[in-house]
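K.L.:
Before anything else, here's the structure in question.
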Amino acid sequence: MSGDLDCTNAKRGVWLVKVPKYLSSRWKKAPPKTEVGRLKIRGAMGKPDIKFTLNDEIVNMKEPTEKTGIPKEHQFAVNKIFNQTLAVFSSTKNDNSCGPETQTGSGLVLEGHVIRKGECRPMGDDQYMKLKMHTIIQASQPERQVKHLKKIVQNYKPISDHKNNIEFEIKKKAEGKKSREDKEKVMDLLFSAFEKHQYYNLKDLEKITHQPVPYLKEILKDICNYNAKNPHKNMWELKPEYRHYKDSKSGSCP
């Protein structure tokens, strides 16, 4: 049935070998059924001596980022597995475009259990040392570098004025130039405001009275005191003779 696990090769022993990155990238790009190399195993009893020689076609398959070649000769360091169970699975999918699906169908196949773990290591020859030196130099290069530009690079289009400045000028023209009101009228507005709150900053009083700042300061100096210390620093409050708060202790309006 489709989706069953094929355990035909469950008793087969396989080796799990770790290879360098440059080898795996070449093997992935190699055409199907290409001979990538040959193994030479000596001393089957005990610890075997295993050497792996790459095919010339794989060696000459140069990557775009590589400036040097890769080693041709490699050696396997193989160890037995203790207290660990590893298995190799493969996924199969039948092409039934030319006929009905076979009896096994598509699913997982158990290729075998891992009996040895190994590592494919390049021989320490001159070719490997050149590759290692190039890898170290490439890794030490900073991601961002200073480059000399022969011509100006226009990353933005210059504009005569910014949007914020244009909006401010439109708003300024719409409000018109602030004209001085009668002093008594401005004082009434200030007294009415101070009935709600005891302390105001100059910016808020300017919004309430709609008067020019120099003219507003002249009136404030007559009827208010300016706080230069905390807790009400840079704020104005009425002089004692102009205060009419019900709660004299807190100085706040009801």
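The values are calculated or read from the model by the stated rules, or taken from the named source; none is laboratory data. Every value quoted in this text rests on a predicted model; they were computed, and no experiment measured them. For neighbour counting, all protein chains shown are included, and Cβ atoms are generated from backbone atoms with ideal geometry for every residue, glycine included. All accessible areas refer to the heavy atoms of the entire protein, side chains included, with ligands and DNA or RNA removed. Shrake-Rupley method; radii C 1.70, N 1.55, O 1.52, S 1.80 Å.
K.L.:
Compute the length gained on full extension between S179 and D4: take 0.36 nm times their separation in residues and subtract their Cα-Cα distance, giving the result in nm to one decimal.
P.N.:
So the extension gain works out to 53.9 nm.
K.L.:
Give, in nm to one decimal, the length gained when the segment between K130 and K11 is fully stretched (0.36 nm per residue of separation minus the Cα-Cα distance). Display every interim value, and only then the final one.
P.N.:
Numbers: separation 119, 0.36 × 119 = 42.84 nm, distance 4.31 nm.
Extending this stretch completely gives an extra 38.5 nm.
K.L.:
Now a separate question. Can you check what the net charge comes to around E57, using other residues whose Cβ is under 13 Å from the Cβ of E57 (Lys, Arg +1; Asp, Glu -1)?
P.N.:
Combined, the nearby Lys, Arg, Asp and Glu give +4.
K.L.:
Right, another one. Using the beta-carbon distance between S25 and V146 and R0 = 30 Å, what value does 1/(1 + (r/R0)^6) give for FRET efficiency, to the nearest 0.05?
P.N.:
Details: r = 31 Å, r/R0 = 1.04.
That gives a FRET efficiency of 0.45.
K.L.:
Applying 1/(1 + (r/R0)^6) with R0 = 45 Å to the Cβ-Cβ distance of D222 and Y156, what FRET efficiency is obtained, to the nearest 0.05? All intermediate terms of the calculation are to be shown ahead of the outcome.
P.N.:
Working: r = 52 Å, r/R0 = 1.16.
That gives a FRET efficiency of 0.30.
K.L.:
Residue separation times 0.36 nm, minus the C-alpha to C-alpha distance between E111 and N164: what's the value?
P.N.:
12.2 nm
K.L.:
Let me ask you something else. For a quick check of understanding: with a 1.4 angstrom probe and all protein chains in place, what accessible area in square angstrom does L216 have, to the nearest ten?
P.N.:
Per-residue accessible area (L216): approximately 0 Å².
K.L.:
What is the Cα radius of gyration of the stretch 119-245 over 2.2 N^0.38 Å, N being its residue count?
P.N.:
2.43
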